[in-house]
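J.: Mind looking over this structure? Questions follow.
Throughout, read-outs are computed from the coordinates displayed, never taken from laboratory work. Just so it is clear, the structure is predicted and the values come from calculations on it, not from any experiment. A quick note on method: Cβ atoms are made from the backbone with ideal geometry, for glycine too, and the neighbour counts reach across all protein chains shown.
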Amino acid sequence: MATTTSTAAPTSLASVTLEVADLDAAHRFYGAFGVDAYVRLRASAAHSTGFRGFTLGLTVSGPATVDGFFGAGVDAGATVLKPAAKSLWGYSGVVRAPDGTIWKIATSAKKDTGPDTRRIDEVVLLLGVEAVKATKQFYAERGLTVAKSVGGKYVEFAPGQSSPVKLALYKRRALAKDLGVPVDGTGSHRVVIGGTAGAFTDPDGFAWEAAAPHAPTPS
């Protein structure tokens with residue numbers, strides 16, 4: 001039997017676009033929050049209720065920097081979902097932006113050994129999925145390289161050269177619990193992932209589109 005080899009070009013994450021109801025207000029918020037270099041914004045009236053199935057996470061160097069981003073987000077209009085506090089894994093807090101996107105700011109350090117640097121070490125787009133192993137295979141078949149895998153619970157992909165954001169997968173129910181929100185949600189995810197290959201939709205309904213590499217916002 002002949003073996004069929006896929007000729008589709010491999011893809012990698014190139015950009016993250018958040019769909020928002022009020023574009024001007026979202027630009028103001030993300031500028032004040034300090035993450036506007038990492039996301040694109042697009043006006044959309046797509047219907048969405050409850051948990052949208054994903055979070056964007058900031059990894060930073062220490063608790064003071066967590067507090068700095070957390071405070072900046074709240075001052076700009078974000079809602080506190082989980083106050084910044086120590087946990088088994090470090091120190092973190094969770095906020096919901098005015099457009100509905102949930103952001104988690106975290107560090108593995110528990111002791112505050114330095115000042116607020118306002119520097120982001122890593123940004124992660126964490127998708128809440130129903131079947132982690134199956135979705136990992138789906139993305140691997142499209143050329144994404146698995147960098148870390150913890151059974152059927154968590155998967156992290158190697159970042160693309162053109163993207164400042166890393167893609168990861170987590171069980172949807174576990175992600176909602178970690179964020180402190182009910183797992184129920186319907187309608188649009190309100191996020192579109194830009195890839196270096198063609199458009200497609202993953203098993204959990206997250207849409208990808210062809211996109212040019214995201215250029216950082218000039219300071």
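J.: So in the chain, what percent of DSSP beta bridges are antiparallel if you round to the nearest 5?
T.: Here the share of antiparallel DSSP bridges comes out near 65 percent.
J.: For all pairs of alpha-carbon atoms in segment 52-182, what percent lies in each bin of width 10 Å, listed from the first bin to the last filled one?
T.: Going out from 0 Å in 10 Å bins, segment 52-182 shows 13, 41, 35, 12, 0 percent.
J.: Placing +1 on the Cβ of each Lys and Arg and -1 on the Cβ of each Asp and Glu in the chain, which of LEU126, SER163, SER15 has its Cα farthest towards the positive end of the resulting dipole?
T.: Value: LEU126.
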